[in-house]
Amino acid sequence: MSEKLNIAYIQANLQWENAEANRKLFEERIGEVSNQVDLIILPEMFTTGFSMNAENLAEETEAETLEWMRSQAKRKDAAITGSVIITENSNYYNRLFFVFPDGTYKLYDKRHTFTLAKEDQTYTGGKERLIVDFKGWKICPLICYDLRFPVWARNTVDYDLLIYVANWPEKRINAWDALLKARAIENMCYCVGLNRTGTDGDGYVYNGHSGVYDVLGNEMNQTNREDEYVLELSLDKTDMLDTRKNLKFLQDRDRFSLDL
């Protein structure tokens with residue numbers, strides 16, 4: 001088990017519906033990441049932007065982007081995660097891959113499809129939450145709109161790190177800032193939110209505000225940055241567990257189950 005987890009996230013302006021250009025962009029940015037990093041985080045739909053054009057953009061699971069993620073994980077000897085548009089059994093999914101350094105992977109299909117953008121009319125929602133065991137850390141990766149639903153993220157399994165990859169628009173960025181902080185506090189965990197920048201093909205503007213929060217909701221980086229940049233940060237599991245032990249808030253959590 002590693003007491004430290006070194007993460008890097010890449011806040012970037014995605015090229016609209018251009019997978020090749022986006023993979024090239026992220027490959028260059030990943031090249032900037034130090035060799036000490038354990039986990040690299042990419043945005044939601046990082047190859048296309050938040051597009052409903054799934055019929056023309058979707059890949060099979062075992063296709064080019066997953067192979068690219070495997071090659072990048074091997075290149076940096078680090079795990080890598082982010083979501084892409086996937087087709088499977090005549091359905092489309094906003095699917096997150098968590099790729100380990102050895103090329104094996106876990107997947108999570110976005111549970112809460114964004115009805116305001118009619119995502120629910122294009123993509124099939126997932127049914128199962130993913131908890132990844134990596135270097136002695138329990139990690140719960142979720143996607144964008146999932147952030148608005150605290151029950152889905154509720155820390156019933158003592159995970160250590162909650163991750164949201166997103167295309168969250170500028171017009172609702174105050175909610176993004178507030179809810180990331182709230183998820184860290186209520187779940188007594190580290191919470192990372194990675195958003196994109198720029199303007200997409202539908203005219204929506206994104207202004208970043210990617211952030212990292214500790215177990216008490218304290219900001220660990222400058223969360224209001226709107227430019228493209230790569231952040232590296234070290235998370236300390238001992239500090240988090242000591243705070244949980246001292247405050248014991250998770251011991252008082254409600255017990256419940258979800259009807260899916």
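The values are calculated or read from the model by the stated rules, or taken from the named source; none is laboratory data. Here the structure is a predicted model, which means the values were calculated and not measured. Quick reminder, even Gly has a Cβ in these numbers, built from the backbone with ideal geometry, and neighbours come from all protein chains shown.
Among residues of segment 127-148 that are in contact (Cβ under 8 Å) with a residue 24 or more places away in the chain and of a type in the set (Phe, Trp, Tyr), those with a beta-carbon under 6 Å from a residue that is assigned to a loop (DSSP other than H, G, I, E, B) and surrounded by fewer than 24 Cβ atoms within 10 Å (Cβ to Cβ) at least six positions away or on a different chain give the pairs Trp137/Asp160; Tyr145/His112; Tyr145/Phe114. Scanning segment 103-120 for residues that are without any contact (Cβ under 8 Å) to a residue 24 or more places away in the chain and not hydroxyl-bearing (Ser, Thr, Tyr) returns Asp109, Leu116, Asp120. Looking at this structure, is Cys144 surrounded by 24 or more Cβ atoms within 10 Å (Cβ to Cβ), modelled with pLDDT of 95 or more, under 24 Å from Ala8 (Cβ atoms) and in contact with a Cys (Cβ under 9 Å, 6 or more places away or on another chain)? Criteria not met by Cys144. Just one of the listed residues (Ala58, Ala21) is of a type in the set (Gly, Ala, Ser), modelled with pLDDT of 95 or more and surrounded by 15 or more Cβ atoms within 10 Å (Cβ to Cβ), and it is Ala58.
Here Leu130 meets the list (1) of a type in the set (A, V, I, L, M, F, W, C); (2) in a helix (DSSP H, G or I); (3) surrounded by fewer than 24 Cβ atoms within 10 Å (Cβ to Cβ) almost entirely, failing just condition (2).
Conditions (1) in contact (Cβ under 8 Å) with a residue 12 or more places away in the chain; (2) in a loop (DSSP other than H, G, I, E, B); (3) not β-branched (Val, Ile, Thr), marked per residue:
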| residue | (1), (2), (3) |
| --- | --- |
| His209 | yes, yes, yes |
| Asn221 | yes, yes, yes |
| Asn224 | yes, yes, yes |
| Asp227 | yes, yes, yes |
| Glu232 | yes, no, yes |
| Thr238 | yes, no, no |
| Lys245 | no, no, yes |
| Leu250 | yes, no, yes |
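Among the residues examined, Gln15 does not qualify as surrounded by fewer than 18 Cβ atoms within 10 Å (Cβ to Cβ), in contact (Cβ under 8 Å) with a residue 12 or more places away in the chain, part of a loop (DSSP other than H, G, I, E, B) and over 16 Å from the mean Cα position of the chain (by Cα). The set of residues in segment 17-72 being farther than 24 Å from His112 by Cα and hydroxyl-bearing (Ser, Thr, Tyr) consists of Ser34, Ser71.
Strands (runs of 3 or more DSSP E) fully within segment 23-100 that include at least 3 residues being in contact (Cβ under 8 Å) with a residue 24 or more places away in the chain and more than 15 Å from the chain's Cα centre (by Cα): 79-88, 91-99.
Of the residues making up segment 149-179, those that are without any contact (Cβ under 8 Å) to a residue 40 or more places away in the chain and either on the phi > 0 side of the Ramachandran plot or part of a helix (DSSP H, G or I) (or both) are Pro150, Ala153, Glu170, Lys171, Arg172, Ile173, Asn174, Ala175, Trp176, Ala178, Leu179.
Within the set Ser90, Ser51, the sole residue that is of a type in the set (S, T, N, Q) and within 29 Å of Glu170 (Cα to Cα) turns out to be Ser51. Taken over segment 181-236, residues that are within 14 Å of Glu170 (Cβ to Cβ) and of a type outside the set (Ser, Thr, Tyr) amount to 14.
Does segment 222-238 hold any residues that are modelled with pLDDT of 95 or more and not hydroxyl-bearing (Ser, Thr, Tyr), and which are they? Within segment 222-238, Arg225, Glu226, Asp227, Glu228, Val230, Leu231, Glu232, Leu233, Leu235, Asp236, Lys237 meet the criteria.
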